[in-house]
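Presented below is the structure to which this report refers.
Computed from the coordinates by the stated procedures, all read-outs in this text should not be read as laboratory data. Because the structure is a prediction, the values reported are computed rather than measured. Note: ideal-geometry Cβ built from the backbone for every residue, glycine included; neighbour counts use all protein chains shown.
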Amino acid sequence: MKEAAIVDRLKALIVDDSKVIHLQLKDVLADIYVEGQQLDFDDAYGFEDFKKLYRPGEYALVLTDLVMEEDISGIKVINYLRHEVNDAKTRVVLMTANPEKVPHDLLLRDYDVNAYIEKKSMTDFMLKLTVISLLKTYKDITAFEKAINSIDYVVHNSKDMALEDMLTETYFQIKSFLTLKMSNVNVDGEIYVDRKKIFPPLNVGNLTSTMESNERYEFEIEILEHRVQLVIFSSKKLTKTDLEYVNALLSNLRYSYFYTELSGVENELVLRLSNLIETRSEETGNHVKRVAEISYLLALDSGFNNKEAELIRSSSGLHDIGKIGIPDYILNKPGKLNDTEFAIMKEHSLIGFEILKNSRWKVFELGAMISLQHHERWDGTGYPYGLKGDEIAPEARIVQVADVFEALTHDRCYRPAWPIDKAVDYMHDMRNKQFAPDVIDVFTTRLWDILDILNQYKD
């Protein structure tokens with residue numbers, strides 16, 4: 001699928017056979033701005049009209065009615081978008097005045113619908129909140145996909161380029177990511193190797209003086225015994241996630257030069273990317289380490305050889321990578337999520353899969369599958385697809401057990417940590433329900449070793 005261009009305005013496509021609805025939606029959403037980007041609208045009046053107008057990568061948002069030419073026209077719109085052109089990034093809102101005709105089970109099982117609104121109960125506030133949240137999610141997904149691709153490119157090409165050229169390329173990858181993530185932002189930078197400025201060229205001038213009024217960020221690493229400094233000037237303040245991304249890119253550049261085989265970069269790579277998520281979800285990097293080590297232990301005793309178990313350990317850190325696309329107010333809500341919020345939270349499995357699935361890295365390939373399936377349940381009541389029993393990949397079953405037990409025994413924004421005995425009882429009670437019986441049997445056998453891991457990597 002073609003990547004969307006970086007533009008000053010975001011585009012939405014309204015698909016509804018009522019011109020009145022088109023006017024109402026545009027009137028309510030006319031003043032919507034997301035991080036400096038205004039929302040523009042195109043109009044389609046049915047499924048066939050939609051197919052003529054739609055272009056992959058062009059729209060951040062599609063708002064579609066259910067009943068148009070046919071009772072399932074809206075379903076056909078979503079099917080075309082998700083399955084025929086494989087557009088997973090565009091956010092979709094399904095609207096209807098006929099809720100009795102909505103095939104809820106079908107939508108949940110086969111389609112990635114990001115929001116559902118009944119027209120008769122739709123308020124201006126509800127519509128604005130839904131649209132703003134989805135547009136922010138779209139921007140985060142697009143930017144993070146860019147981040148993954150940038151790291152992938154840098155690591156795979158570093159050995160074939162001179163250090164100065166690779167540093168310059170890395171800077172432009174960083175600049176592209178930041179300008180994609182933040183609209184109307186000016187980003188410039190300077191690069192020093194052993195205190196000598198190598199970028200920008202001398203004829204460009206001194207950025208330090210021209211960017212004095214902007215935010216200044218300095219990063220320093222050592223590569224091949226050279227002291228490397230990167231200075232970023234930004235007209236907007238960078239977030240923790242932005243800073244962690246820059247550190248991830250530089251760190252993995254360092255490791256890619258250090259190791260002779262790409263596999264040597266994997267642990268550092270996954271840890272850095274996982275930390276990008278932890279900075280948003282208010283959890284610690286030790287969560288990732290604990291899940292990784294428990295997964296490795298369970299994998300070894302589940303019949304995987306050491307190399308396979310090592311890959312599971314590395315990939316496990318990516319299980320929640322899709323949370324990059326979940327709004328902060330949901331991700332860090334103290335207390336139980338409502339039905340709408342939980343529906344949005346569940347999307348992180350699909351988002352993570354879409355971000356990772358096209359990478360050349362084995363660790364990302366397995367991470368994509370684990371991200372997609374780690375909330376499926378042995379009894380078939382999980383999400384996103386309701387897989388059951390052996391339909392769930394063994395690696396995902398293992399990471400699920402590790403993730404749930406680790407989460408139960410540590411504080412979360414919505415509840416305090418459970419006592420160990422209560423958490424263990426829960427794991428046993430969920431055998432053959434949430435969890436694969438063979439994995440729980442291994443969990444029981446290695447419980448003391450698992451508790452040692454929790455103690456070793458305390459927050």
Residue by residue through the stretch 55-69, which ³J(HN,Hα) values in whole Hz follow from phi under the Karplus form 6.51 cos²θ - 1.76 cosθ + 1.60 (θ = phi - 60°), with glycine and proline marked x?
10, x, x, 8, 10, 7, 8, 10, 10, 10, 6, 7, 9, 10, 4
Under-5 Å amide H pairs with residue 199, H placed in peptide plane, nonlocal only:
191
Mean residue ellipticity (222 nm) of the chain, computed from DSSP H runs ≥ 4 via -39,500 (n - 2.57), nearest 500
-15000 deg cm²/dmol
Taking 428, 22, 374 and counting other C-beta atoms within 10 Å, the order from fewest to most
428, 22, 374
Amide H within-cut-off set for residue 236, under 5 Å, with H built and near neighbours excluded:
186, 215
So which of 323/362; 146/175; 307/362; 139/181; 181/357; 11/51 end up more than 18 Å apart by C-alpha?
323/362; 181/357
Taking the Cα centre of the chain as origin, work out the dipole magnitude from +1 charges on Lys and Arg Cβ and -1 charges on Asp and Glu Cβ, in debye rounded to 20.
560 debye
Once you have a ≥ b ≥ c as the square roots of the Cα gyration tensor eigenvalues for the stretch 281-459, tell me rounded if a/c is under 1.5, and otherwise prolate or oblate according to whether a/b is larger than b/c.
rounded
What does the charge count near residue 193 come to, summing +1 for each Lys or Arg and -1 for each Asp or Glu among other residues with Cβ under 12 Å from its Cβ?
-3
How much length would be gained if the chain were fully extended between residue 411 and residue 38, taking 0.36 nm per residue of separation minus their Cα-Cα distance, in nm to one decimal?
130.4 nm
With an 8 Å Cα cut-off and a minimum separation of 6 or more residues, compute the relative contact order for the chain in percent.
11 percent
Shape descriptors of the stretch 9-122 over alpha-carbon atoms, Rg and Dmax in angstrom, are 13.3, 39
So how do 398, 294, 72 line up by other beta-carbon neighbours within 10 Å, fewest first?
72, 294, 398
If you take the Cα Rg of the chain and divide it by 2.2 N^0.38 Å, with N the number of residues, what do you get?
1.04
Kindly put 128, 175 in sequence by how many other C-beta atoms sit within 10 Å of each C-beta, fewest to most.
128, 175
Could you check the simple spin-label distance between residue 243 and residue 420, using points 7 Å along Cα→Cβ, in nm with one decimal?
3.5 nm
